[in-house]
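Undergrad: So that we are looking at the same thing, I have put the structure below in structure tokens.
The values are calculated or read from the model by the stated rules, or taken from the named source; none is laboratory data. Given the structure is predicted, the values throughout are model-derived calculations rather than measurements. Counting neighbours? That spans all protein chains shown, and the Cβs are built from the backbone with ideal geometry, glycine included. Please note that ligands, DNA and RNA were not included when accessible areas were found on the heavy atoms of the full protein model with its side chains. Shrake-Rupley method; radii C 1.70, N 1.55, O 1.52, S 1.80 Å.
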Amino acid sequence: MIMAHDSATTYLRSGLLHPINRWGKTQPDGGLPGLLDCGARAFDWRPTLLTNGTLAMHHAFDIIEKSMDEAVDDMLAWAAAMPNTPENLAVLGVTDCTCQDTKAQPCQCQDRVDAFLQSKNISSLTADELQRGVTVADAMKLGARSKGGAAVLAIHAWVPHYEPRVTCSGYRSGGSTSRSDGTLPSLYTCYADSSSKAFPLNRMYEYIGNVTRMGPDSNRSFGTVQALWEEDAASVAIGTLHGSSLMKDETKSNLNHLLTQRIKSGLWNVSQVGMIEINNVCDGGAELLAAFREAAMN
């Protein structure tokens, strides 16, 4: 599967009037149906319980204005119109469930999400259930919709294999200040026209290779390869100077297309990979999914 990283940010507003979202928005406009049409079949889904008691979605400190109810209904409408085949199985990967009222103990976010999923007739798989062994056929049966259409399932736990060092831009010495010898640290960017792109790209490929070689977890934990540019203070500062954003970092580096090429050329063996998590899924996501599945089947 292709997982859309921080998928609810598809509903974040973009443009000059919303500059903070440049480094919060990871997915293009179009909502969950648009991401599904672009090849996503799983969603990195981050709920938050607001102080007024309603469920919303978030990316770090950004609160998504679109209601969770409307967003999930959009996804279910897409599923209802699609054949119930394994290729169309859609997964909500619920993670980072938070409460805006930090004084409320314990946080009731997960309980509210469970009740919400039940109200939408969406079945869930826990980590314990996954560890006992679940096949695609099991998932299709659990996620079957009563009125037909593609199956939809929720999963509450997975291993993201997050590696914060894999940024599009930064300083090779690890800081933005001068070094002890008085020289400036070596700046790099991942952009296709950058003379320093080899450094971040090779670090990305090394990370992908390391996670891939690990293969599926021995206890059957759900896992992803985060084939996306992470961000930190240096990457945001440098990217802003280059007029970039999280979305543009992907397009300016051609990362999704490079991943497709590596799969097709055999440079990335995906036979032991279950899920690839990416940004900007509509930039080559469908082609990446096709290459991924063809290579995995072979």
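Undergrad: Could you tell me which residue of region 130-164 is surrounded by the fewest Cβ atoms within 10 Å (Cβ to Cβ), considering only residues that are in contact with a Lys or Arg (Cβ under 7 Å, 6 or more places away or on another chain) and either closer than 24 Å to residue 215 by Cβ or among the polar types (S, T, N, Q) (or both)?
TA: Selected residue: 133.
Undergrad: I've got another one for you. If you go through region 49-63 one residue at a time, do you hit one that is closer than 26 Å to residue 259 by Cα, within 15 Å of the chain's Cα centre (by Cα) and open to solvent by 30 Å² or more (accessible area, probe 1.4 Å)? Walk me through it before giving the result.
TA: Taking region 49-63 first, the residues closer than 26 Å to residue 259 by Cα are 59.
Imposing the further condition that a residue be within 15 Å of the chain's Cα centre (by Cα) reduces the set to 59.
Checking which are open to solvent by 30 Å² or more (accessible area, probe 1.4 Å) leaves us with none.
No.
Undergrad: All but one of (1) within 17 Å of residue 6 (Cα to Cα); (2) in contact with a helix residue (DSSP H, G or I) (Cβ under 7 Å, 6 or more places away or on another chain) hold for residue 223; state the number of the condition that does not hold.
TA: For residue 223, the exception is condition (2).
Undergrad: A follow-up question, please. Within region 47-90, can you find the residues that are part of a loop (DSSP other than H, G, I, E, B), closer than 24 Å to residue 1 by Cα and of a type in the set (Val, Ile, Thr)? Don't jump to the end; show me each part of the working.
TA: Let us first name the residues in region 47-90 that are part of a loop (DSSP other than H, G, I, E, B), namely 50-54, 60-61, 65-67, 81-85, 89.
From what is left, the residues that are closer than 24 Å to residue 1 by Cα are 81-85, 89.
Passing the criteria: only 85.
Undergrad: Give me the pairs: first residue in region 96-122 and part of a loop (DSSP other than H, G, I, E, B), second residue among the basic types (Lys, Arg), beta-carbon distance under 8 Å, and six or more apart or on different chains, which are they?
TA: 96/46; 97/46; 121/145
Undergrad: Shifting gears a bit: State which residue is farthest from residue 3 (Cα to Cα) when the search covers only region 135-147 and only residues that are out of contact with any helix residue (DSSP H, G or I) (no Cβ under 7 Å at 6 or more places or on another chain) and part of a loop (DSSP other than H, G, I, E, B). Before you say what the answer is, go through the steps one by one.
TA: The first filter runs over region 135-147 and keeps only residues out of contact with any helix residue (DSSP H, G or I) (no Cβ under 7 Å at 6 or more places or on another chain), leaving 135, 137-139, 141-144, 146.
Checking the rest, the ones that are also part of a loop (DSSP other than H, G, I, E, B) come to 135, 143-144, 146.
Values: 135: 18, 143: 17, 144: 20, 146: 25 Å.
Residue satisfying both the conditions and the ranking: 146.
Undergrad: Criterion first (surrounded by 12 or more Cβ atoms within 10 Å (Cβ to Cβ), of a type in the set (A, V, I, L, M, F, W, C) and modelled with pLDDT of 90 or more) does residue 127 satisfy it? So that I can check it myself, show each step before the final result.
TA: On the way: surrounded by 12 or more Cβ atoms within 10 Å (Cβ to Cβ): yes; of a type in the set (A, V, I, L, M, F, W, C): yes; modelled with pLDDT of 90 or more: no.
In short, no.
Undergrad: Among (1) at pLDDT 95 or above; (2) within 25 Å of residue 145 (Cβ to Cβ), where does residue 5 come up short?
TA: Unmet for residue 5, out of (1) at pLDDT 95 or above; (2) within 25 Å of residue 145 (Cβ to Cβ): (2).
Undergrad: What pairs can you find where one residue is in region 280-297 and closer than 21 Å to residue 246 by Cβ and hydrophobic (A, V, I, L, M, F, W, C), the other is open to solvent by 40 Å² or more (accessible area, probe 1.4 Å) and part of a helix (DSSP H, G or I), and their Cβ atoms are less than 9 Å apart, with a gap of 6+ or different chains?
TA: These pairs meet every condition: 282/37; 286/37; 288/257.
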